[in-house]
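See below for the structure under consideration.
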Amino acid sequence: MLPCSGRFTEALAATGVSRLCVDDYFMGDGGLGRRTERLGIRRIYEVQGLESWYDPQAYRTVLEQLRRHFTEEQILVSQAGFLP
């Protein structure tokens, strides 16, 4: 979930979830972010003052937060997270 705080990852850990998939607008839209750009998502982030979260590297912030509560084996990124 972007944007998110450390509280989100704490709450997620409290649910007992055993596997996570981290994806974003750039890795996960099938067009390297072009599809999301055409939808105007960047503007939504700008209006909210959250433009730093609309960045190809923003997911790394979430990964850091998740690593405080989950093992590397539990956290999968983009396509790897959707495999059986």
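For this structure, a couple of remarks:
- Euclidean distance of C-alpha centroids, the stretch 52-84 and the stretch 8-26, integer Å: 8
- Per-residue [θ]222 nm for the chain (sum of -39500 (n - 2.57) over DSSP H runs n ≥ 4, rounded to 500): -9500 deg cm²/dmol
- Candidates Leu12, Leu39, Leu20: whichever shows maximal mean-square fluctuation once the chain is modelled as a Gaussian network with Cα springs under 10 Å: Leu39
- Gyration tensor (alpha-carbon) shape descriptor, the chain, a/c threshold 1.5: oblate
- Loop sites in the chain: trypsin sites (Lys or Arg not before Pro), DSSP, at most 10 other Cβ within 10 Å: Arg19, Arg68
- The stretch 40-84: C-alpha gyration tensor shape, a/c 1.5 cut-off, then a/b vs b/c: oblate
- Estimated FRET transfer efficiency when R0 is 25 angstrom, pair Gln79-Glu51 (beta carbons, to 0.05): 0.45
Bear in mind these aren't lab numbers, they're just calculated from the coordinates by the rules spelled out. Remember, predicted model here, so these are calculated numbers, not experimental data. Positions of Cβ are generated from backbone atoms using ideal geometry, with glycine treated the same way; all protein chains shown enter the neighbour counts.
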